[in-house]
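Here is the structure we will look at.
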Amino acid sequence: MPRILLLVASLLLGACAARTPVPPAAPALVAALPLTLQIQREQADVRQDWLLVIQQEGSALRWSLMDPLGIPQARQLLDAGQWRNDGLLPPNAEARELFAALLFALSRSEALQAYPAGSWQQVSDDQRRLVPDWTIDYHGPLDFALGKTGLNYRIRALNLEESD
């Protein structure tokens, strides 16, 4: 019985260690907030489309993920390097990991020093890596692919303003 408890404790600690890191304070981003992004998620030939709105709220960042009909899928606040649920939606671990990876992808190059040493790598001008296994391939500052084993996201800025 003690071996089983030790195994369970080890697995729980391992799961916590594999989380995508966030800096203690929100880094400078490549675009002004609020920011609206179109997200296309692909896994095992299944595609989903989402809309993400990132807003500044005091010292915190509010992340609101919605489906194409505007139905909330996840809402989180990032404040002082800690995530917390925002609203009555159930916790969504995948969304929280996506938000952490997006924060890194949207951070200006000079702001990456806020991340823990050894947690990221600038592979080239067009590619970054973040632990545990995220890869970001840039086509532009607000147009990039974000992925890890078996899961890919395509991120694009959504321009809601119409030009005259």
Checklist outcome for this item: Once both label points are put 7 Å beyond Cα along the C-beta direction, the D49-D126 separation in nm becomes 2.6
Checklist entry - Magnitude of the Cβ-charge dipole of the chain, K/R +1 and D/E -1, about the Cα centre, nearest 20 debye? => result 740
Checklist entry - What whole-number value in Å² describes the accessible area per residue of the chain for a 1.4 Å probe? => result 59
Item to check | Percent accessible area from carbon and sulfur atoms, region 48-123, protein chains only, probe 1.4 Å | outcome: 52
Checklist outcome for this item: The correct ranking of T20, T135 by accessible area at 1.4 Å, largest first, is T135, T20
Item to check | Percent of alpha-carbon pairs separated by more than 22 Å within the chain | outcome: 45
Item to check | Positive-end residue of L37, P141, L88, charge dipole of the chain with Cβ unit charges | outcome: L88
Item to check | Most fluctuating residue given options S124, S64, S109, as computed from a GNM of the chain linking Cα atoms under 10 Å | outcome: S124
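The values are calculated or read from the model by the stated rules, or taken from the named source; none is laboratory data. It should be emphasised that the depicted structure is a prediction, and the values quoted were computed from it without experimental measurement. Backbone-built Cβ (ideal geometry, glycine too); neighbour counts: all protein chains shown. All accessible areas refer to the heavy atoms of the entire protein, side chains included, with ligands and DNA or RNA removed. Shrake-Rupley method; radii C 1.70, N 1.55, O 1.52, S 1.80 Å.
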